[in-house]
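Let me begin by presenting the structure, written as structure tokens, before commenting on it.
The values are calculated or read from the model by the stated rules, or taken from the named source; none is laboratory data. Only a predicted model underlies this, so the values are computations on that prediction, with no experimental measurement involved. Cβ coordinates were reconstructed from backbone atoms using ideal geometry, including for glycine residues, and neighbour counts include every protein chain displayed. Ligands, DNA and RNA are stripped out before the accessible areas are found, and what is left, the full protein with its side chains, is counted by its heavy atoms. Shrake-Rupley method; radii C 1.70, N 1.55, O 1.52, S 1.80 Å.
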Amino acid sequence: MSIVREVWRATARWVGGVASWLGERLELEDSVVAVLVHPVPRELERPIGWFYVFGSATLAVFVVQVVTGVGLAMTYVPAPNSAYDSLQFISRDATLGAVVRGIHYFGAGAMVVLVLVHMTQVFLFGAFKFPREANWLSGSLLLLATLAMAFTGQLLRWDQDAFWAVVVAAEQAARAPVIGGWLATLVVAGANVGGATLTRFYATHVFLIPAAVFGLIGIHLYLVVKRGISEPPVPGEPVDPASYRRRYREMLSRGIPFWPDAAWRDAAISAAIVVVIVVLAAVIGAPPLGKPADPTVVVADPRPDWYFLGYFALLAVIPPATEAVVIIGLPLFAFVFLFLVPIIWPDGERHWSRRPVAIAAVALPFIAYAALTVAGIESPWVPRLQGAALPASVTAGLDARASPGAQLFLTESCWACHQIDGSGGRKGPDLSHVASRLTRDQIGARIANGGGGMPAFAGSLSAQDLDDLSAFLATRR
Amino acid sequence: VTESRRRFLSRVTVALTGAMAALIGLPILGYLLAPLFRAPPNDLVRVGAVTDFPVGETKLVSIQDQSPLPWAGQTAQTALWVRRRDAEGPQMFQVFNVNCTHLGCPVNWQADAKIFLCPCHGGVFYADGTVAGGPPPRPLYERGWVVQGGTLLVRQAPLPNPKQG
């Protein structure tokens, strides 16, 4: 026993010696160690400290993204003729490839969610106020970069969704005033989406934006340490720029070291989130790829990943006349507003209970975006192109006019936009009981002339067909 | 070292750093912005024999829209909808981009209903490309075409957008 103990002690002494030699030679005492033990407000010892973990958790997931991203880049081929196949290889054949891709995918979703949660906490706690305005500004740029990573990342799948997402992105860029045409040309790197497009998105995703993110994280963390972690807000204790820094210094003199008194909570939440990501990746695996990108296959149903579905829905539900403003103006307004937040409200009350407008400024966009996301999932405005059929209860017992009319309802694409007894598209009104609202002649006139978003079918339907179709719909009381 | 010499030396240092940045920055900028200075594709390319397109029908075809890079794969192709209107004459064909004029998604021809439907936000177009419903701000984009010796040729074009018409 004593020999084991001796060996153990000798090893521990040796490791300690190497560590202290390295620490001394690398001057870690003044840098890493000083940063780790920098004082933070004593209140963070209390349960409210759990609100201060989301920045660290975001950083942890970012590291996960870098590591898995490097792994994926070792196999992925960023050329249109190979990208899809190389991803199929990663997902099916490469050892642990599905897990690594899965981690990267769920990590991307976690990044978007955590950045927003972190910002919401900082906003509601008033932590963006003096003297931490630049923390907020660098954080806003990191949000932009995160969204840009999410978008460029899903394009690299190079399936039909990805291909048409590039086209839609270029069309949106083209709406920008003055420079729209140039932007669109740069998005696709040429006249059309082609060989040059994917390599540029790849380089943007793996070099350009990550370089910016590394720099911004450096600035962000430097400011967090230099300006100090904000103390939990207290109602009735507003920020006064003249006296804040002196009061904060006094508070820190009674503070606790970040490491380990506060850091253990960051580690606990970060570890929990990383475990969830890895479990999701191991159980569910990488997201399935759609059909390979092919501009000549027009039977496509392009959808963005879930975090952009709300924006996708927004473009369908707004009045077309407002599009010029919404497509360029709304994202611009959102980010300008973000950047202006600490400049407009640098002082005053920090606690959310004294800032009702701040609560509304968080709640309303979240509720609106959640509603839009639900709309995007359902996409009722999209005509249904496949599986046209009517239930037997609808077609049973129809007479000699109405029966071919029911067939025309399917072949003439009425079904694509109109439901009868739960079958059909939802773009137009439900026609289950249309005859209780309109007479047979009115129905015929509506089909022939269209209107209110409905095409006119007078040019494509014969008088006989129109009559049959009206006869069928007149049975729907 | 005198104060004026210090000032001179700092200016020299800033100027040299700026020169380095410009020396590297200008070529890389030119390299990255090159697509802006390239002339858009404008050649006539063969689509098929006129007899491949029955009068009154609308068919999907694909062409090469720019000189493709060797690794472009399937994306070297661009799909077009070709509508044969008349047996002959200046109204013989209408050639449409597949891109919806709303945000560029591919529209789908419904041969029985004689309408184009867009799968993204529900845009609808008539057979002649005019808007029948949904958010699109303008008719489908049309391509120039000519018939030479019984062959239909279509003019190449960049990805269209509502502004450039």
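List of remarks:
- Scanning region A:289-300 for residues that are touching a residue at least 40 places away in the same chain (Cβ under 8 Å), touching a Ser or Thr at 6+ places or on another chain (Cβ under 9 Å) and at the interface with chain B (Cβ under 7 Å from one of its Cβ atoms) gives A:Ala293, A:Asp294, A:Pro295.
- Of all residues in region A:299-357, those satisfying the criterion of being open to solvent by 40 Å² or more (accessible area, probe 1.4 Å) and not in a helix (DSSP H, G or I) are A:Val299, A:Asp301, A:Arg303, A:Pro319, A:Trp345, A:Asp347, A:Glu349.
- Enumeration of residues in region A:461-475 that are free of Cβ contacts under 8 Å to residues at least 60 places away in the same chain and part of a loop (DSSP other than H, G, I, E, B): A:Leu461, A:Ser462
- Residue in region A:174-191 that is under 30 Å from A:Pro131 (Cβ atoms) and in a helix (DSSP H, G or I) present: no
- Filtering A:Phe106, A:Phe89, A:Phe123 for residues that are at pLDDT 95 or above and within 20 Å of A:Val275 (Cα to Cα) leaves a single hit, A:Phe106.
- Which listed residue is within 11 Å of chain A (Cβ to nearest Cβ) and either open to solvent by 80 Å² or more (accessible area, probe 1.4 Å) or touching a residue at least 24 places away in the same chain (Cβ under 8 Å) (or both), from B:Phe8, B:Phe37: B:Phe37
- Filtering region B:119-138 to residues that are outside any loop (DSSP other than H, G, I, E, B) and either within 7 Å of another protein chain (Cβ to nearest Cβ) or open to solvent by less than 20 Å² (accessible area, probe 1.4 Å) (or both) leaves B:Val124, B:Phe125, B:Tyr126, B:Ala132, B:Gly133.
- Any chance A:Val187 is closer than 27 Å to A:Ser86 by Cα and more than 9 Å from chain B (Cβ to nearest Cβ): yes
- One residue from B:Gly18, B:Gly25 being assigned to a helix (DSSP H, G or I) and farther than 30 Å from A:Ala184 by Cα: B:Gly18
- Scope region A:400-437; condition more than 14 Å from chain B (Cβ to nearest Cβ) and not in a helix (DSSP H, G or I); matching residues: A:Ala400, A:Arg401, A:Gln419, A:Ile420, A:Asp421, A:Gly422, A:Ser423, A:Asp430, A:Leu431, A:Ser432, A:His433, A:Arg437
- A:Val234, sole failed condition from (1) closer than 30 Å to B:Ala72 by Cα; (2) open to solvent by 60 Å² or more (accessible area, probe 1.4 Å): (1)
- Counted residues, region A:192-211 - those being under 24 Å from the mean Cα position of the chain (by Cα), part of a helix (DSSP H, G or I) and either buried (at least 16 other Cβ atoms within 10 Å of the Cβ) or within 12 Å of chain B (Cβ to nearest Cβ) (or both): 13
- Identity of the residue in region B:98-118, open to solvent by 10 Å² or more (accessible area, probe 1.4 Å), at the interface with chain A (Cβ under 8 Å from one of its Cβ atoms) and in a loop (DSSP other than H, G, I, E, B), that ends up farthest from A:Gly452 (Cα to Cα): B:Asp112
- Exactly one residue out of B:Gly104, B:Gly89, B:Gly56 is under 22 Å from A:Val168 (Cα atoms) and modelled with pLDDT under 95, and it is B:Gly104.
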